[in-house]
Each structure stands twice: as structure tokens, then as C-alpha cells.
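Derivation of every value follows stated rules applied to the coordinates shown; laboratory data play no part. No experiment lies behind these values; they were computed from the predicted model shown. When we count neighbours, we look across all protein chains shown, and the Cβ atoms used for this are built from the backbone with ideal geometry, even at glycine.
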Amino acid sequence: METFLMILMLTALAGMIVFIVLAFVKGKGNRLKNFAKSGSCLFALVVIALILASIGEEAPVAQEVTAEASAEDKEAEEKVKQQEEEAKKAEEQAQKEQEEQEAKEQAKKEEERKAKEEEERKAKEEEERKAKEEQEAKEASVTVSQEQAVNMAQDYLNYTAFSKSGLIDQLEYEGFSTEDATYGVENITVDWQEQAVNMAQNYLDYTSFSRQGLIDQLTYEGFSTEHATYAVGQVGL
């Protein structure tokens with residue numbers, strides 16, 4: 001483009017020189033007129049050439065500005081894209097770290113739960129072991145007299161009703177020591193409240209009682225006031 005404009009300007013300059021020469025060669029009357037015409041045409045050509053040259057100079061500048069703006073826009077776009085990718089990576093990393101933390105906490109809770117269960121299991125086994133050892137030691141230390149006391153206590157309860165203290169007294173009356181009699185009564189399965197009800201009914205089957213009189217009689221037989229009162233209520237007094 002610049003070469004073309006240079007050629008155009010040189011052509012216009014050469015033409016101007018030619019027109020000047022021709023203006024002088026032609027008639028004297030028309031010399032000034034022809035010169036003016038030639039000068040006007042050449043001036044117009046020079047102006048056009050200058051305008052084109054100016055446009056030709058501005059065009060690359062505009063192109064350069066446009067190219068620079070496009071490069072800046074592209075660079076800004078790439079920067080924004082890079083920031084978005086970095087933000088996305090940071091978010092993914094944070095989520096990954098959170099999931100790992102939650103997994104660690106869950107694993108820790110599970111480990112603590114298993115440790116607690118294992119501790120409870122061992123404690124239960126230890127308790128059962130001690131209970132078994134105590135029972136074995138107790139059974140090993142039981143004397144023949146104590147075994148007989150247990151059997152006689154059960155026989156008496158199969159025959160009639162007794163309070164706990166009344167049954168111990170009965171075994172002592174049979175010749176057992178207080179220790180053996182107590183052992184015999186404490187090593188049988190019995191509901192003393194039910195025994196109170198049975199004795200209350202036995203008394204009513206034999207003779208008549210007032211409510212308070214029957215409570216007093218059951219208390220005398222060794223039952224607690226609570227058991228005696230409950231029993232009297234159960235038999236209808």
C-alpha cells in the first residue's frame with residue numbers, strides 16, 4: 001500500500017511537471033489558463049494521494065490497535081478462564097478434604113464403638129467368670145448339714161406356709177445350727193409375700209379373725225407389716 005501511494009505521488013509530480021511544460025509551449029493567451037487548469041488537476045491528484053497516504057498510514061495503526069485490543073481481550077478471557085479453573089480445583093480440593101475428614105471421623109466413631117463393645121464384652125465375661133468362681137467356691141464349701149437344711153426347708157414349704165424367720169426357727173427346732181438353718185432358708189426359691197397370703201388363708205380356714213387381728217397374727221409369725229397387710233387384703237379382709 002505504501003509503495004502504491006509513493007508511485008501515485010511521483011506520478012502526480014511528474015504529471016504536474018509535464019502540464020507546466022505544456023502550458024508554456026501552447027499559446028501565450030492560453031498559457032496562464034492552461035497552467036491554472038493543469039495546476040488544479042495536479043493539486044487535486046496530490047491531495048488525493050495525500051488523503052490515500054493518510055488513510056494508508058491510519059489503517060495499519062487501526063489494525064494494530066484492533067489487534068492489541070483483541071489480544072488483551074483474549075488474554076483477559078484466558079485469565080478469567082484460568083481463575084474459574086483454579087476456583088473449581090480449589091472447590092473440588094476443599095470437597096475432597098471435607099469428605100476425607102468425614103470419613104476419618106466416621107472411622108474414628110466406628111473404632112470407638114467397637115472398642116466400647118469389646119470393653120463391655122470383656123467386662124461381662126469377667127463378671128460371669130467371677131460369679132461362676134464364687135458359685136463354685138460356694139458349692140465347694142457347702143457342708144452336708146447345710147445341704148440337709150436346704151432340703152428340709154423345701155420340704156416344710158411343700159407342706160405348709162412359713163415366713164422366713166419362722167422357717168429358720170423351725171429348722172433350729174429340728175436341730176440345725178442358726179448358721180445352717182439360715183443357709184438352708186436363703187438357698188431356696190420362695191416368694192415370702194405369697195407365703196403370707198397362704199398362711200392368712202390357712203388361718204381363715206381354721207378359725208375367724210378380724211382384719212387387724214389377722215395382720216397381727218401374721219406379723220407374730222414373722223412376716224413384715226407390708227406382707228401381712230397385703231396378704232389380708234388378698235384373702236378379702
Percent breakdown of C-alpha pair distances by 5 Å bin, ordered from the shortest bin, for segment 64-104: 7, 21, 13, 13, 10, 11, 7, 7, 5, 4, 2, 1
Kirkwood estimate for segment 80-237, i.e. one over the average of 1/r between Cα atoms, Å: 21.4 Å
Order of I17, I188, I168 under a 10 Å beta carbon neighbour criterion, fewest first: I17, I188, I168
J(HN,Hα) series, segment 146-155, from Karplus relation 6.51 cos²θ - 1.76 cosθ + 1.60, nearest Hz, glycine and proline x: 5, 4, 5, 5, 4, 5, 5, 4, 5, 4
Segment S177-A71, extension gain: residue separation times 0.36 nm, minus the distance between their alpha carbons: 26.7 nm
5 Å-binned pair-distance histogram of segment 145-234 (Cα, whole percent): 3, 16, 27, 20, 16, 11, 6, 1, 0
Shape box of segment 98-141 [Cα atoms, principal axes, largest first, Å]: 64, 5, 5
Efficiency of FRET from Cβ geometry, E111 and N187, R₀ 41 Å, rounded to 0.05: 0.35
Likely footprinting exposure, F209, F162, F223, fewest C-beta neighbours within 10 Å first: F209, F162, F223
Sorted by Cβ neighbour density within 10 Å, fewest at the top, the residues L10, L167, L204: L10, L204, L167
Solution diffusion estimate, µm²/s, Stokes-Einstein, segment 76-163, Kirkwood Rh from C-alpha pairs, 37 °C, viscosity 0.692 mPa s: 162 µm²/s
